[in-house]
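Below is one structure, written out as C-alpha cells; comments come after it.
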Protein chains: 2
Amino acid sequence: MRTLRMFNSISLDGYFTDADGDYMWAHEGSTDPDLMEFIKGNAQGVNALIFGRLTYELMAAWWPTAEAAKAMPDVARGMNAAPKYVFSRSLDSAEWSNTTLLSEDPATAIARLKQTPGPDMTVLGSGTIVSQLAEARLIDEVQLLLCPVVLGSGKSHFAEVTGKPWWRLSRCLTFKNGRVFFAYHRAD
Amino acid sequence: MRTLRMFNSISLDGYFTDADGDYMWAHEGSTDPDLMEFIKGNAQGVNALIFGRLTYELMAAWWPTAEAAKAMPDVARGMNAAPKYVFSRSLDSAEWSNTTLLSEDPATAIARLKQTPGPDMTVLGSGTIVSQLAEARLIDEVQLLLCPVVLGSGKSHFAEVTGKPWWRLSRCLTFKNGRVFFAYHRAD
C-alpha cells in the first residue's frame, strides 16, 4: 500500500500559521546550509504531492517560475515533475504541470489512492487537509520542523482530531538556527 | 538577578492539558529509566518553585505523603524542602512546608522577586501563570517535554502572548519512550 506522510513547519506553540493565516515566520532565519541540504535530501524521497487549495495556489505561483529555477534548481525540477493532487471545490482547473484536481472528500480520495499502485504521497502544508486525514487515521508519518517562535494563537494541524492517537518518534535532528526536525510514525 | 524558568509536558500539538483540563496522558508510558534519571538531575538545579493554585493543590496533595517519600524519595525531599510560592486569590492559607501565598498579579510579583537576592525560580505546570509571565517577558528559559500524543484541542502555555517572541534552542534530548526534552533561552 502507498504510504502517506505530511511535512510542515510549526511554531514553538504548535501552530502552522498564526491566527491571521501568516506563515512567513517559518522562513525567518531559515537559510542554514545544513537545514537546506537536509530539506533537499528529504524532498527527494517525495513522489506524489497532496495539497489543499491555499497551499496549492502558493506553490503553483512559485515553483514553475524562472526565479524558482534559479534559486533552487533541483527542488524546482522535482516539484514541477512530481505528480500532484489538489483538493478544491472552488477551482475549475489546475494548470501546474502533472496536477490532478479532486473535488471529493479528502479522506475518501486518499483512502482510495492508497489502495492503487503508485508512488508514496506527501501532504505539504495544507493544514485543513492534514487534520481530516489524521482524523481518518490515513497519515503514516508526521514530519514537523519546529521553529523557535511563539505565535500566541494560530491554527493546528490536528484541530479536532479525536481519540488522542499516540505516535512513535522515529527521527529527531537539530539545526544551528534552532530548528528541530521530528519524524513520527503511527503507533497503532 | 534571579533567573526564571518553566518546565512542563506538552502534547505533539502543543497543549499542556486537553480541553477538559486532563493531563494524565503526560504520565502514560513515562517510566523510562533514562527519562526518570534525567528529570531527577534536572530538578536538582531547582531552588524556588512557583505555582498557580491548581498545580499547587495537586502537588501539595502528593509530595508530603508517605507514598511519595517511598516512590521518589530524593524528589519528594527536594520538593518539600524547596521555598515555594503559590499565586491565588481564593486560598486563605498554604499549608505545604516553606510555601508563601501571593495574591498579587503574578507578573508584578515575579518581577519584584527577580530583583531580590535568593535562589533561581522554576514554574512547574501552572499554564495560566506561564502565559502571563511569558507575555511580561519574565521567563528566561523554557523547558518542555514533548509527549508523542495528539490531543486535538487543549490549553497552550503561550495563549495570547503577543509580539511573536523568538527563542534560542539550547538543549534537545530524546528518550526511548518517544519523549523529547527541549530547553530554550530568550533570544532578545
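How many residues does segment B:126-140 hold that are more than 12 Å from every other protein chain (Cβ to nearest Cβ) and farther than 22 Å from B:MET59 by Cα?
Narrowing segment B:126-140 to residues more than 12 Å from every other protein chain (Cβ to nearest Cβ): B:126, B:128-129, B:132-133, B:136, B:138, B:140.
Imposing the further condition that a residue be farther than 22 Å from B:MET59 by Cα reduces the set to B:136, B:138, B:140.
The qualifying residues number 3.
Only residues that are facing another protein chain (nearest Cβ under 10 Å) and assigned to a loop (DSSP other than H, G, I, E, B): list them for segment B:1-18, please.
B:LEU12, B:ASP13, B:GLY14, B:TYR15
Does B:SER103 satisfy being polar (S, T, N, Q) and in contact with a Leu (Cβ under 7 Å, 6 or more places away or on another chain)?
For B:SER103, the condition - polar (S, T, N, Q) and in contact with a Leu (Cβ under 7 Å, 6 or more places away or on another chain) - is not met.
Just to check your reading of the model, which residue among B:ALA136, B:ALA81, B:ALA187 is at negative phi and either touching a Pro at 6+ places or on another chain (Cβ under 6 Å) or modelled with pLDDT of 95 or more (or both)?
B:ALA136
Would you pick out the residues in segment A:112-130 that are farther than 20 Å from A:PHE181 by Cα and out of contact with any helix residue (DSSP H, G or I) (no Cβ under 9 Å at 6 or more places or on another chain)?
A:ARG112, A:LEU113, A:LYS114, A:GLN115, A:THR116, A:PRO117, A:GLY118, A:PRO119, A:ASP120
So that you can scan it fast, the table gives a plain yes or no per residue for (1) touching a residue at least 12 places away in the same chain (Cβ under 8 Å); (2) among the basic types (Lys, Arg); (3) within 17 Å of A:ASN8 (Cα to Cα):
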| residue | (1), (2), (3) |
| --- | --- |
| A:PRO64 | yes, no, no |
| A:ALA68 | no, no, no |
| A:TRP96 | yes, no, no |
| A:ALA134 | yes, no, yes |
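Can you tell me which residues in segment A:141-167 are of a type in the set (D, E, K, R), over 13 Å from the mean Cα position of the chain (by Cα) and more than 7 Å from chain B (Cβ to nearest Cβ)?
Taking segment A:141-167 as the starting set, the residues that turn out to be of a type in the set (D, E, K, R) are A:141, A:155, A:160, A:164.
Now narrow it down to the ones that are over 13 Å from the mean Cα position of the chain (by Cα): A:155, A:160, A:164.
Scanning segment A:141-167 gives a single hit, A:LYS155.
Residue check: is B:VAL123 β-branched (Val, Ile, Thr), surrounded by 17 or more Cβ atoms within 10 Å (Cβ to Cβ), within 12 Å of another protein chain (Cβ to nearest Cβ) and touching a residue at least 60 places away in the same chain (Cβ under 8 Å)?
Spelling it out, it is not the case that B:VAL123 is β-branched (Val, Ile, Thr), surrounded by 17 or more Cβ atoms within 10 Å (Cβ to Cβ), within 12 Å of another protein chain (Cβ to nearest Cβ) and touching a residue at least 60 places away in the same chain (Cβ under 8 Å).
Test of understanding: among B:ALA159, B:ALA111, which residue is at negative phi and either hydroxyl-bearing (Ser, Thr, Tyr) or assigned to a helix (DSSP H, G or I) (or both)?
B:ALA111
Condition first: within 18 Å of the chain's Cα centre (by Cα) and either within 9 Å of chain A (Cβ to nearest Cβ) or acidic (Asp, Glu) (or both). Now tell me which residues in segment B:174-188 satisfy that.
B:ARG179, B:VAL180, B:PHE182, B:TYR184
Can you find a residue in segment A:22-45 that is modelled with pLDDT of 90 or more, in a loop (DSSP other than H, G, I, E, B), closer than 30 Å to A:PRO148 by Cβ and away from every other protein chain (no Cβ under 14 Å)?
Checking segment A:22-45: not a single residue is modelled with pLDDT of 90 or more, in a loop (DSSP other than H, G, I, E, B), closer than 30 Å to A:PRO148 by Cβ and away from every other protein chain (no Cβ under 14 Å).
Could you please tell me which pairs satisfy a Cβ distance under 6 Å, a separation of 6+ or placement on different chains, a first residue in segment A:137-154 that is closer than 30 Å to B:ARG137 by Cβ, and a second residue that is polar (S, T, N, Q) and surrounded by 23 or more Cβ atoms within 10 Å (Cβ to Cβ)?
Listed pairs, sorted by first residue: A:CYS147/A:SER11; A:VAL149/A:SER11; A:LEU151/A:SER11.
Which residues, taken from segment B:118-137, are under 15 Å from B:LEU49 (Cα atoms) and either assigned to a loop (DSSP other than H, G, I, E, B) or not β-branched (Val, Ile, Thr) (or both)?
B:GLY118, B:PRO119, B:ASP120, B:MET121, B:LEU124, B:GLY125, B:SER126, B:GLY127, B:LEU133
When you look at B:THR100, is it part of a helix (DSSP H, G or I) and more than 14 Å from chain A (Cβ to nearest Cβ), yes or no?
So B:THR100 fails the test.
Suppose we filter A:SER90, A:SER170 for residues that are out of contact with any Ser or Thr (no Cβ under 6 Å at 6 or more places or on another chain), within 14 Å of another protein chain (Cβ to nearest Cβ), among the hydroxyl-bearing types (Ser, Thr, Tyr) and loosely packed, with under 15 Cβ neighbours inside 10 Å; which single one remains?
After ruling out the rest, the residue left standing is A:SER170.
Please verify whether B:VAL142 is buried (at least 20 other Cβ atoms within 10 Å of the Cβ), farther than 22 Å from A:HIS157 by Cα and at pLDDT 95 or above, treating the condition exactly as stated.
Spelling it out, B:VAL142 is indeed buried (at least 20 other Cβ atoms within 10 Å of the Cβ), farther than 22 Å from A:HIS157 by Cα and at pLDDT 95 or above.
Return the residues of segment B:19-77 that are crowded, with 16+ Cβ neighbours inside 10 Å and among the hydroxyl-bearing types (Ser, Thr, Tyr); say none if nothing qualifies.
The answer is B:TYR23, B:SER30, B:THR55, B:TYR56.
The values are calculated or read from the model by the stated rules, or taken from the named source; none is laboratory data. None of these values were measured; they are calculated from a predicted model. Cβ sites come from the backbone with ideal geometry, for glycine too, and all protein chains shown count toward neighbours.
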